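What follows is a single structure, written as structure tokens, with notes after it.
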Amino acid sequence: MKNLLVIFCFTLFTVSCSNTNESENFETANLSAKKSEGNFSQDIFPGGTRYSISKVATQGAYQQFIQNLRKNDALSIVAEVDHEKNAKSVGLQLDPTRIIFFGNPELGTPLMQENQLAGLDLPQKVLFYRNEDKTDVALYNSVEYLRSRHNLSGVETLSKISAALEKLVSKVTKREVLSAPQQSVGFEEGVITKESDKSFTQTLNDLRAAITSNANLKLVAELDHQQNAASVGMDLNPTSILIFGNPNLGTPLMQEEHTIGLDLPQKMLVWENADGEVYVSYNDIYYVAERHSVDMNDDILEKIAAALDNLSNVATQ
């Protein structure tokens, strides 16, 4: 594969639910009749997503969602992100915005067996946010997005994933789940990949060290997809993902468009194919910005591009 410029977006996030301020009190959204009927300006949602305009305030829907995940033995919570709290930690303001990463290796592993790059969009994630007009929304990537981006046609677990996500979200929002108008994307669209000159283990270790040694960054979660696959009796080539960030760079993007929080923080995937070739892959922040109609903050995007180029070079060269 070609060695491409790495472009990445940082946002620091909180892992443990115990770090969430349970006493926060968000007012229930006052939805108009039009919004309550599910006709809330579909064009504001990025392609490849599904959404629900919630009858329940962000705090309540999010906490109920977590409780439901914990009751399901097949699901594991990987990380929680309170973007609003992280924004405040660096003196910035953001409406209530939270995201949770979770997964089921029995359903996710077959996607990566078909195409390891699908691990870049796993584990699953759902964004809960309140926008400027006090509307509460739950947003997630559709399986159609996964199917077309990673060429996963024919993977049987996609339909199970779709049904599970819709059920989980509609249960807490008390509304039906709707689809953004455009669902498909091009094959590997927005994916940047660099081939490594090192072994899988060394590449992963060097990437981790580059993150943890940078005072501006925080490594929040690391997920070993291969190990998770083995835990349910499935085989997978070495595949691991790192999640990390910096709210000084991520928050301004979310201040412009809340939905970009679905793609923040970005994740870097380290993977080895059947031929023993090792790669680092991640989302192009310019693709992410275009997907969410973010057309400002060019200086921040440039800083992100330079920072991630350095990190990926350390990992792969």
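The values are calculated or read from the model by the stated rules, or taken from the named source; none is laboratory data. What you are looking at is a predicted structure, and each value in this text was computed from that prediction instead of being measured. So basically every Cβ, Gly included, is an ideal-geometry build from the backbone, and we count neighbours across all protein chains shown.
What to note about this one:
- Test: K34 is at pLDDT 95 or above and in a helix (DSSP H, G or I): no
- Subset of the range 40-58 [within 15 Å of K174 (Cβ to Cβ) and under 15 Å from the mean Cα position of the chain (by Cα)]: Y51
- Criterion (within 13 Å of L207 (Cα to Cα), crowded, with 16+ Cβ neighbours inside 10 Å and either modelled with pLDDT of 95 or more or acidic (D, E) (or both)) met by exactly one of T316, T251, T239, T259: T316
- Exclusive hit being of a type outside the set (D, E, K, R), in contact (Cβ under 8 Å) with a residue 60 or more places away in the chain, surrounded by fewer than 21 Cβ atoms within 10 Å (Cβ to Cβ) and more than 30 Å from N310 (Cβ to Cβ), set S179, S199, S159, S142: S179
- Out of N131, N151, sole residue that is at pLDDT below 95, over 24 Å from S231 (Cα atoms) and out of contact with any Lys or Arg (no Cβ under 7 Å at 6 or more places or on another chain): N131
- Out of Y62, Y51, sole residue that is in a helix (DSSP H, G or I), buried (at least 20 other Cβ atoms within 10 Å of the Cβ) and either modelled with pLDDT of 95 or more or of a type in the set (V, I, T) (or both): Y62
- Yes/no for N205 being over 16 Å from the mean Cα position of the chain (by Cα), at pLDDT below 95 and not hydroxyl-bearing (S, T, Y): no
- Selection within the range 78-97 - free of Cβ contacts under 8 Å to residues at least 60 places away in the same chain and not in a loop (DSSP other than H, G, I, E, B): E84, K88
- Matching option when the condition is under 23 Å from V177 (Cα atoms), surrounded by fewer than 24 Cβ atoms within 10 Å (Cβ to Cβ) and more than 17 Å from the chain's Cα centre (by Cα), among N104, N68, N115: N68
- Flag if T251 is among the β-branched types (V, I, T) and within 19 Å of K88 (Cβ to Cβ): yes
- Within the range 113-131, the set of residues being polar (S, T, N, Q) and in a helix (DSSP H, G or I) comprises Q113, Q116.
- Close pairs (8 angstrom Cβ cut-off, 6 or more residues apart or separate chains): touching a residue at least 12 places away in the same chain (Cβ under 8 Å) and closer than 12 Å to K171 by Cβ in the range 59-73, hydroxyl-bearing (S, T, Y) and surrounded by fewer than 16 Cβ atoms within 10 Å (Cβ to Cβ) anywhere: none
- Matching strands (runs of 3 or more DSSP E) fully within the range 203-317 where at least 3 residues are among the hydrophobic types (A, V, I, L, M, F, W, C), under 24 Å from P123 (Cβ atoms) and touching a residue at least 12 places away in the same chain (Cβ under 8 Å): 218-224, 239-245, 267-272
- Residues of the range 132-185 satisfying the condition of being of a type in the set (K, R) and either within 20 Å of the chain's Cα centre (by Cα) or part of a loop (DSSP other than H, G, I, E, B) (or both): K134, R147, R149, K160, K167, K174, R175
- Scanning the range 209-236 for residues that are closer than 20 Å to H83 by Cβ, charged (D, E, K, R) and surrounded by fewer than 15 Cβ atoms within 10 Å (Cβ to Cβ) gives no hits.
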